[in-house]
Amino acid sequence: MKTITCIEDLREDARRKVPKAFFDYVDSGSYNEETLRANRADLETIKLRQRVMVDVSERSLATTVIGQKISAPFALAPIGLCGMQHGDGEILAAQAAEEAGIPFTLSTMSICSIEQVADATSRPFWFQLYVIRDRGFSRDILSRASAAKCNALVLTVDLQVLGQRHRDIRNGMTVPPEMRLSNIIEIARKPRWALSILRSKSKTFGNLAGHLEGIEDITSLAQWTNSQFDPALNWKDVEWIKKVWPGKIIIKGILDVEDARTAVKLGADAIVVSNHGGRQLDGAPSSISALPAIAQAVGSDTEVLFDGGIRTGADLLRALALGARACLIGRAYVYGLGAGGKAGVAKAIDILQKELSVAMALTGTTRVSDVGPQVLVGVEAKKPARKRTS
């Protein structure tokens, strides 16, 4: 077996093991993928300030997010269809996150249901909500998440309409995959993947099947999403959700200072600076380029999280230095899931933790709370305001 040293190794391993349609679903962006590429390119232009002769023999990655103690400053982001990267994918990822002491976020569009993940774990996880036209379903699924003791709601607000993802269309992306010749050949070449799916608890959208009419007859994920997701979603819906949801609310998909301020006014416990991984508005700025201004504008009023392009511990350090309290990682852990199931997710988490610890040491930093612009080259030393926590 190939030695895994970094997230890119996991990505290449996943490419070999997961059928092309499902690998591309995770790996691709919308339209010309300009924003997808910018997320990585802009992170890599930010240079770290190497410091020497500082005692870094004892270092801590621990921090808190929305009052929750976590072992490292990142959480597993909501990713749809994890259960098609590996059988029971959401369960395995949640278990790996729990064992590592970091939050896991279950997507509305997961294969394993809220109840299945809750039964397989012993600690609360976060739940991500897509608001669809049927508000009765939204109320119902929030009740189910509350009953499962999910301790935070991640409300995604940047997918009112779906950005076209060319690779999904070319691959004929469906769940489960259509039994056409090309798919049959592709699956036959991935016997371990096929076996894991056959043994899995769920093979369609676990949160939707049996709860929403028509979900059993999906022929195209993109077509169904476009028909069901609500383009009328607006800030008044956040007020409604706050009345329905009893716990913490994290608003994900903020890329503009004005929107960030509105989210704060409506009582968001945290916001996530995110462009949906380059999968929505192509040509939008990279998440990292939007982060400093948003953190400066609202960081003293709410917690600012970051999402977009994280592949290394150095990327985590860059985002923390520019004002993020913590990050969400998506593709990085999903590559691990496709490569090796639960062990692959654990490997991805371990890689990022170790890389962050080394990057902190080589910038003369021993605690996550001490990370600020001083660890970057050519960035003003004034640290963006961050919300105080008890």
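Taken together, the values in this text are just the output of simple stated rules run on the coordinates, not laboratory data. Predicted model only: the values in this text are computed from it and were never measured. Glycine also receives a Cβ, built like all others from the backbone with ideal geometry; neighbour counts cover every protein chain displayed.
Quick notes
- Residue-span extension gain [Arg123 to Glu213] - 0.36 nm each, minus C-alpha spacing: 29.3 nm
- For His166 and Arg15, a Förster radius of 22 Å and the Cβ-Cβ distance give a FRET efficiency of 0.80, rounded to the nearest 0.05.
- Label-to-label distance, nm, for residues given as Arg189 and Lys265 (7 Å Cα→Cβ offset): 5.4
- Label-point gap, in nm, between Ala41 and Lys354 - each point 7 angstrom along Cα→Cβ: 3.2
- Placing +1 on the Cβ of every Lys and Arg and -1 on the Cβ of every Asp and Glu, with no other charges, gives the chain a dipole of roughly 600 debye about its Cα centre.
- J(HN,Hα) series, region 151-161, from Karplus relation 6.51 cos²θ - 1.76 cosθ + 1.60, nearest Hz, glycine and proline x: 9, 7, 10, 9, 8, 7, 10, 10, 9, 5, 10
- Cα gyration tensor shape of region 262-323, rounded if a/c is under 1.5, else prolate or oblate by comparing a/b with b/c: oblate
- Per-residue HN-Hα couplings for region 12-22 [Karplus 6.51, -1.76, 1.60; θ = phi - 60°; Hz; x = Gly/Pro]: 5, 5, 5, 4, 6, 9, 9, x, 3, 4, 7
- Antiparallel bridges, percent of DSSP beta bridges restricted to region 7-369 (to nearest 5): 15
- Spatially proximal lysines relative to Lys236 (Cα-Cα < 30 Å; intrachain offsets below 8 disregarded): Lys149, Lys248, Lys252, Lys265, Lys387
- Distance from the Cα centroid of region 11-60 to that of region 239-304 is 21 Å (rounded to whole angstrom).
- The calculated FRET efficiency for the pair Arg180 and Thr204, based on their C-beta separation and a Förster distance of 30 Å, comes to about 0.95.
- Taking amide H atoms as placed 1.01 Å from N in the peptide plane, the amide H of Ile249 lies under 5 Å from those of Leu153, Asp269, Ala270, each 5 or more residues away in sequence or on another chain.
- 3J(HN,Hα) along region 301-306, derived from phi through the Karplus expression 6.51 cos²θ - 1.76 cosθ + 1.60 where θ = phi - 60°, amounts to 9, 8, 7, 10, 9, 10 Hz, with x in place of Gly and Pro.
- GNM on the chain, alpha-carbon springs under 10 angstrom: the most fluctuating residue among Ala120, Ala297, Ala62 is Ala120.
- Prolate/oblate/rounded label for region 1-121 (Cα gyration tensor, a/c 1.5): oblate
- In this structure the amide hydrogen of Asp88, modeled in the peptide plane, comes within under 5 Å of the amide hydrogens of Lys201, Ser202, none closer than 5 places in sequence on its chain.
- Comparing Gly341, Gly67, Gly172 in a Gaussian network model of the chain where C-alpha atoms under 10 Å apart are linked, the largest mean-square fluctuation is found at Gly67.
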